[in-house]
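The values are calculated or read from the model by the stated rules, or taken from the named source; none is laboratory data. Keep in mind it's a predicted model, so treat the numbers as computed, not measured. Don't worry about glycine lacking a Cβ; one is built from the backbone with ideal geometry, like all the others, and counts go over all protein chains shown.
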Amino acid sequence: MCCLNPPSRTYAFVVDALSNVLTANRVTGMVAMQLRARGSWGLATDSIDDCAFLIVAQGSCWLRAAGHPPIQLVQGDVLLLPSGSAAALTSSRNGRAMPAREVLAEHPRGEDGTVDLGGSGPAVHLIHGEFTFEHDKAHPVLSLLPPLLHIPGAPGTGADELATVVHMLATELTRPRAGSDTVVSHLADILFVHILRAWLATDQHPGASWLGALRDRQIATALARLHAHPDRPWTTESLAAEAAMSRAAFVRRFSRLVGQAPLAYLTWWRLSLAARWLRDTDEPIAVVAGRAGYGSEYSFSRAFTRHHGQPPGRYRRHSRELADQPGEPLLRLR
């Protein structure tokens, strides 16, 4: 049975599980572009390279995405496209959409970093950005999200905290002041968490969903124990006992909600933590192996190489070389 409002102790476990996953994967948000338009306009893209987000800071527009009916987006709405699906944004429900690259090539970014399509009539202000995950092997928090996630921004929809972040982000972008770049960068980072929270508070997550699993008190408890103590010699039976379930029932529900069998998920989590420790500490590989629940450095190196595509030592060197490279500008056009 799902628990929509789990007890405070279990909720604390849930918060820790989500925080740990996002920290281990280093989710980074970035504002890529602001767009203003009036009158009749439309942009279309065949695919989106990353996990894209869109904020309607002012006005309204329509979204057409493959496999979904047209959606009217109004001021305050937030849209997340985790899987990079094709989409079109238009001023009217059946408006014509031109290829985005062509439109943006004809309307270069202004001094304030905004693309202005001109026109006359009510103004629309859109904020487009993306979230990037450090690992190529994305966590189910991304891979099991729906292809299109729409969070209405209207009062009373349960997304008040998200609305606050959106308002702060739009204010910093439209009225930049000293330190605005830093503020925008941090707000973009935490935006992802607030989108997930707002979505988790809805019933829009049928089927396998790691976030949906956090709504299930028993599975959330098992996940929390696993996250808190990855070095323990967990078995399917011991995890089922933490959830106060039979082994068979636990495996069925865990696999259905999380999208992976319990021990497969445990392996993923251990190796994700190990990657984080290799990046952020100078601990010997043998110590990292022990913290990740592996009895020997050899078995750890084999598992790590299978999962990450390179042995631990090379991964550590490569990640630090990347960290030393200069970052991209905050605002950019593709």
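Which condition breaks for Phe250 when tested against (1) modelled with pLDDT under 90; (2) in contact with a helix residue (DSSP H, G or I) (Cβ under 6 Å, 6 or more places away or on another chain); (3) not in a loop (DSSP other than H, G, I, E, B)?
(1)
Please work out which residue is farthest from Ala213 (Cα to Cα), limiting yourself to the range 227-241 and to residues that are surrounded by 19 or more Cβ atoms within 10 Å (Cβ to Cβ) and at pLDDT 95 or above.
Trp234
So in the range 162-218, with the set limited to residues that are of a type in the set (Gly, Ala, Ser) and at pLDDT below 85, which one is surrounded by the most Cβ atoms within 10 Å (Cβ to Cβ)? Give the steps one after another, and end with the answer.
At the first step, the residues of the range 162-218 found to be of a type in the set (Gly, Ala, Ser) are 163, 170, 178-180, 185, 188, 198, 201, 207-209, 212-213.
Cutting the leftovers down to at pLDDT below 85 gives us 198, 201, 207-209, 212-213.
Working: Ala198: 23, Ala201: 16, Gly207: 10, Ala208: 16, Ser209: 22, Gly212: 22, Ala213: 26.
Ranking the qualifying residues of the range 162-218, first place goes to Ala213.
Cβ contacts < 6 Å: first residue in the same structural domain as Phe53 (by TED's automatic domain parsing), restricted to the range 86-99; second residue in a loop (DSSP other than H, G, I, E, B) and surrounded by fewer than 13 Cβ atoms within 10 Å (Cβ to Cβ), any location; separation 6+ or different chain. Result?
Matching pairs, first to second residue: Ala86/Asp46; Ala86/Ser47; Ala86/Ala66.
Would you be able to say whether some residue in the range 23-30 is surrounded by 14 or more Cβ atoms within 10 Å (Cβ to Cβ), modelled with pLDDT of 90 or more and β-branched (Val, Ile, Thr)? Walk me through how you get there before you give the answer.
To start, the set of residues in the range 23-30 that are surrounded by 14 or more Cβ atoms within 10 Å (Cβ to Cβ) comprises 24-30.
Now restrict to residues that are modelled with pLDDT of 90 or more: none.
No.
Looking only at the range 63-99, which residues are farther than 22 Å from Arg197 by Cβ and among the hydroxyl-bearing types (Ser, Thr, Tyr)?
Across the range 63-99, the qualifying residues are Ser85, Thr90, Ser91, Ser92.
Is it the case that Glu297 is more than 27 Å from the chain's Cα centre (by Cα), under 16 Å from Pro230 (Cβ atoms) and among the acidic types (Asp, Glu)? Full working, then the answer.
Numbers: more than 27 Å from the chain's Cα centre (by Cα): yes; under 16 Å from Pro230 (Cβ atoms): no; among the acidic types (Asp, Glu): yes.
In short, no.
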